[in-house]
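Worksheet: one structure, shown below.
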Amino acid sequence: MLKTRIVTAVVLLGLFLPALFLLPLLAWALIMLGLSLVCLREWSGFLRFNRVQTTVYLAISSLAGVVLLFGLLNLGFHWFFYQSLQVFALASLFWLLIVPVALYFNTFFNSAFVNAWVGAGLMLSLWMALVVAKAVNPYVLLVIISTIWLADSAAYFAGKQFGRHKLAPAISPGKTWEGVLGALIAVTAYAGILYGSGWVATGWIFPGLWLVMVVGIYGDLFESFFKRRANLKDSGQFLPGHGGLLDRVDGVVPALPVGLCLLFWFHFCAQAHSF
């Protein structure tokens, strides 16, 4: 399983990196919109939508994306950036305040209508984060995504070798506190490399990546909760033999908007302090 995760990550990175650094922003935004819609299609499976409902759901979401792209082209990146910050703030509140409570009590809204809005909002925040990160600093995107993948692999390895205490047995029986500790050690080492090499100039990289790791775990558990409630093993079959696309980016969904919100807040405070 660990080998499968690593191979999948390598293949995805092999496609992702050239696109991130070589494609113009509009082309990148269109491709990422398409992939976000794939994730949303898989989310609709959690809600047991039929074909017509799924088609309408994706059509409305696609239209919203096209409207935002139109704004990006005609009103400029600063307009898109401002809209994104508001979405990131709402997404951060959701992941830091609502999801932990839902996971603790192992419950969430049963309304398909409400959960359809939740899924659309989560994929919107993911897509806008992918666009903003590329335009502002693609390396930030790489750091956040690599943190989630590193934490995921380390948690899997540590859990397999040393796992004894279940993290959330009713939601995802395979996850353990030992796995979380393994992820924490790996992410701390990664932050130490970034800071020690001078690539990142502030020690805030440590709590920043710890928070990214934590919300990544929330994302994994939140998706597992919906899969278990829908009695599904995988979110889909987008990646043959590896499950759905959402299965591979469930930790990235919260990590990107929360990480970017944290980064912009840090820079805002730093600039305010300099005056």
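The values are calculated or read from the model by the stated rules, or taken from the named source; none is laboratory data. Because the structure is predicted, anything quoted here is derived from the model rather than measured. Don't worry about glycine lacking a Cβ; one is built from the backbone with ideal geometry, like all the others, and counts go over all protein chains shown. We work out accessible area using only protein heavy atoms, side chains counted, and drop any ligands, DNA or RNA first. Shrake-Rupley method; radii C 1.70, N 1.55, O 1.52, S 1.80 Å.
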*Residue list for region 191-205, restricted to those being under 16 Å from Ser146 (Cα atoms), open to solvent by 50 Å² or more (accessible area, probe 1.4 Å) and assigned to a helix (DSSP H, G or I)*: Ile193, Tyr195
*Could you list, in sequence order, the residues of region 19-61 that are of a type in the set (S, T, N, Q) and over 21 Å from Val114 (Cβ atoms)?*
none
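Given the residues Ala129, Ala135, which is the only one that is modelled with pLDDT of 90 or more and either among the charged types (D, E, K, R) or surrounded by fewer than 22 Cβ atoms within 10 Å (Cβ to Cβ) (or both)?
Working: Ala129 fails: either among the charged types (D, E, K, R) or surrounded by fewer than 22 Cβ atoms within 10 Å (Cβ to Cβ) (or both).
Answer to the selection: Ala135.
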*asked:* Under 6 Å between Cβ atoms, which residue pairs at least 6 apart in sequence (or on different chains) link something in region 121-133 that is in a helix (DSSP H, G or I) with a partner that is open to solvent by 10 Å² or more (accessible area, probe 1.4 Å) and of a type in the set (Val, Ile, Thr)?
replied: Ser125/Val87; Met128/Val87; Ala133/Val140
*Taking region 84-107, which residues are open to solvent by 30 Å² or more (accessible area, probe 1.4 Å) and of a type in the set (Gly, Ala, Ser)?*
Ala89
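For region 206-233, enumerate the residues that are of a type in the set (S, T, N, Q) and assigned to a helix (DSSP H, G or I).
Quick first cut of region 206-233, residues of a type in the set (S, T, N, Q) only: 224, 231.
Ser224, the sole residue that qualifies.
Regarding Arg41, is this residue closer than 22 Å to Gly219 by Cβ and either assigned to a helix (DSSP H, G or I) or under 20 Å from the mean Cα position of the chain (by Cα) (or both)?
When the stated conditions are applied, Arg41 passes them.
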*Quick one: is Gly159 surrounded by 20 or more Cβ atoms within 10 Å (Cβ to Cβ) and either more than 20 Å from the chain's Cα centre (by Cα) or assigned to a loop (DSSP other than H, G, I, E, B) (or both)?*
yes
*Which one of these is within 21 Å of the chain's Cα centre (by Cα), farther than 30 Å from Ala154 by Cα and assigned to a helix (DSSP H, G or I): Ala59, Ala89, Ala29?*
Ala29
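Looking only at residues in region 108-120 that are among the hydrophobic types (A, V, I, L, M, F, W, C) and without any contact (Cβ under 8 Å) to a residue 40 or more places away in the chain, which one is least open to solvent (accessible area, probe 1.4 Å)? Before you say what the answer is, go through the steps one by one.
As a first pass, look at region 108-120 and keep what is among the hydrophobic types (A, V, I, L, M, F, W, C): 108-109, 112-114, 116-118, 120.
Filter once more, so that each one left must be without any contact (Cβ under 8 Å) to a residue 40 or more places away in the chain: 109, 113-114, 117-118.
Numbers: Phe109: 116, Phe113: 143, Val114: 51, Trp117: 172, Val118: 24 Å².
Across region 108-120, the extreme among qualifying residues is Val118.
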*asked:* Could you list, ordered by first residue, the pairs with Cβ atoms under 7 Å in which the first is in region 188-213 and without any contact (Cβ under 8 Å) to a residue 60 or more places away in the chain and the second is open to solvent by less than 50 Å² (accessible area, probe 1.4 Å) and among the hydroxyl-bearing types (Ser, Thr, Tyr), at least 6 apart or interchain?
replied: Tyr190/Thr147; Phe206/Thr188
